[in-house]
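Just below is one structure, and these are the notes that go with it.
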Amino acid sequence: MGMVGGGIGAFIGAVHRMAANLDGKIELVCGAFSSNPERSMQSGKELFLPESRTYANYEEMIKQEALLPEDQRMELVSIVTPNHVHYGPAAMALEHGFHVICDKPLCFDLDEAYKLQKLVKESGQIFALTHNYTGYPMVKEARQLIRDGKLGAIRKVVVEYSQGWLSTFLESTNQKQASWRTDPSKSGIAGAMGDIGTHAENLAEYITGLKIESLCADISILVDGRKLDDDGNVLLRFENGARGLLFASQISAGEENNLKINIYGELGGLEWRQMHPNSLTLKWPDQPKQILRTGVGDLSEISKAHTRIPAGHPEGYLEAFANIYRNVAICIDARNNGQEVNPVYQDFPGIDDGVRGMEFIYKVIESGKTEQKWLSFS
């Protein structure tokens, strides 16, 4: 694997490296870790990479790696940069025959998203997007329960993602994470809705298997001086007629990373909370609540396949990320050896999920600005 971004002091780069390394299937062999060449070289040194495989920029990395013998060059590019530096390295990597794992949201704008989708289809390369919450075993169990009809037809979806870290004007302190996420030139047209709202949208569609058909949004900037949204509430209508509510907030003071989802069908409901990820609560109208636990009892094949350690040993954020990296590695290895892949390992977000996320961002922001609130999203 080669990495673009994620150098010294970067939060998400370290997360991706730990996730990629967890199962021993992926080795970091090169990188262009910063737009500052000196910083990139220092980052490579700290990661024990040779100078010859640490590059000044992603263009140099991709071109030079493509010239190396097949058994030495990178096979996969991991992109962990701010949104405005997703499309360039992803497109170039695909054009040079490399597979790609990209952080979310997919791109800076919708035009880039559509162009990248076309490139992925034309190249035939594997492309994964790190909507990491789909990697949790109990999220996969929830999805399988709905697929198996255990809840009956889905009627109601309530998904929320609340954080409090931007409840003050943090970007004025030059805090790195706050600075680029609230900057329209780097983040794109959305703040909270692009950063965490897309996770909520993706989780709702992933678990239910239903597409959002239309939406009505109330989008706000609640911290004085901020340039992008920091809070939003969205009414949803799904393709089967189900109704939903999604809210994403980064000004909910006191909240940490409170992503949770409730889904209600004709026969029962379920609840999953990211801060207690090993538990999945099932709710029935005619019997007590039922709590399923990761690794306990007769769970689905897909849930078991994404569980590494015995029950009672918590698996969380890093392991969910790692499930995406491991699945991509398994698919690449199988392709290299002309083998079929068990479908449970083909379960990771891809380019179409990324485009859905970008379309969601644009529709939400558009709805938030107009009095004609209900907009088609299909």
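Numbers at a glance
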read-out	value
Matching residues in the stretch 6-33 - criterion: being in a loop (DSSP other than H, G, I, E, B), closer than 19 Å to Thr54 by Cα and without any contact (Cβ under 8 Å) to a residue 60 or more places away in the chain	Gly7, Ile8, Glu27, Leu28, Val29, Phe33
Condition check for Leu28: crowded, with 20+ Cβ neighbours inside 10 Å, at pLDDT 95 or above and either aromatic (Phe, Trp, Tyr) or assigned by TED's automatic domain parsing to the domain that holds Leu116 (or both)	yes
Tally of residues being assigned to a helix (DSSP H, G or I) and either at pLDDT 95 or above or assigned by TED's automatic domain parsing to the domain that holds Ile12 (or both) across the stretch 163-177	4
Tally of residues being surrounded by 20 or more Cβ atoms within 10 Å (Cβ to Cβ) and not in a loop (DSSP other than H, G, I, E, B) across the stretch 225-234	3
Test: residue in the stretch 306-325 that is surrounded by fewer than 19 Cβ atoms within 10 Å (Cβ to Cβ), among the basic types (Lys, Arg) and either within 17 Å of the chain's Cα centre (by Cα) or at pLDDT below 95 (or both)	yes
Matching entry among Asp298, Asp352 (being surrounded by fewer than 18 Cβ atoms within 10 Å (Cβ to Cβ) and part of a helix (DSSP H, G or I))	Asp352
Residue in the stretch 132-154 that is touching a helix residue (DSSP H, G or I) at 6+ places or on another chain (Cβ under 9 Å), without any contact (Cβ under 8 Å) to a residue 60 or more places away in the chain and assigned to a loop (DSSP other than H, G, I, E, B) present	no
Filtered residue count, the stretch 45-77, keeping only those that are of a type in the set (S, T, N, Q) and part of a helix (DSSP H, G or I)	2
Residue that is surrounded by the most Cβ atoms within 10 Å (Cβ to Cβ) [pool: residues in the stretch 272-295 that are aliphatic (A, V, I, L, M) and out of contact with any Gly (no Cβ under 7 Å at 6 or more places or on another chain)]	Leu280
Matching entry among Lys304, Lys373 (being charged (D, E, K, R) and part of a helix (DSSP H, G or I))	Lys304
Number of the exception - Pro69 against (1) surrounded by 23 or more Cβ atoms within 10 Å (Cβ to Cβ); (2) under 19 Å from Leu94 (Cα atoms)	(1)
Residue in the stretch 101-124 that is hydroxyl-bearing (Ser, Thr, Tyr), in contact with a Leu (Cβ under 7 Å, 6 or more places away or on another chain), in contact (Cβ under 8 Å) with a residue 12 or more places away in the chain and within 19 Å of His16 (Cβ to Cβ) present	no
Selection within the stretch 114-131 - part of a strand (DSSP E or B) and farther than 26 Å from Pro82 by Cβ	none
Residue within the stretch 183-206 that is more than 17 Å from the chain's Cα centre (by Cα), surrounded by 19 or more Cβ atoms within 10 Å (Cβ to Cβ) and aliphatic (A, V, I, L, M) present	no
Matching residues, the stretch 207-233, being out of contact with any Ser or Thr (no Cβ under 9 Å at 6 or more places or on another chain) and among the acidic types (Asp, Glu)	Asp224
Arg17 modelled with pLDDT of 95 or more, within 25 Å of Tyr136 (Cβ to Cβ) and among the charged types (D, E, K, R)	yes
Residues within the stretch 314-339 that are without any contact (Cβ under 8 Å) to a residue 12 or more places away in the chain and either assigned by TED's automatic domain parsing to the domain that holds Glu256 or closer than 22 Å to Gln144 by Cα (or both), tallied	0
Any chance Arg17 is closer than 28 Å to Arg308 by Cβ and basic (Lys, Arg)	yes
Where a residue in the stretch 213-224 is surrounded by 15 or more Cβ atoms within 10 Å (Cβ to Cβ) and its partner, wherever it lies, is modelled with pLDDT under 95 and in a strand (DSSP E or B), with Cβ under 7 Å and at least six apart	Ser214/Leu375; Ser214/Ser376; Leu215/Leu375
Whichever residue in the stretch 78-92 is assigned to a helix (DSSP H, G or I) and touching a residue at least 60 places away in the same chain (Cβ under 8 Å) and, among such residues, is farthest from the chain's Cα centre (by Cα)	Pro89
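The values are calculated or read from the model by the stated rules, or taken from the named source; none is laboratory data. Quick caveat, the model's predicted, so the values are computed rather than measured. For neighbour counting, all protein chains shown are included, and Cβ atoms are generated from backbone atoms with ideal geometry for every residue, glycine included.
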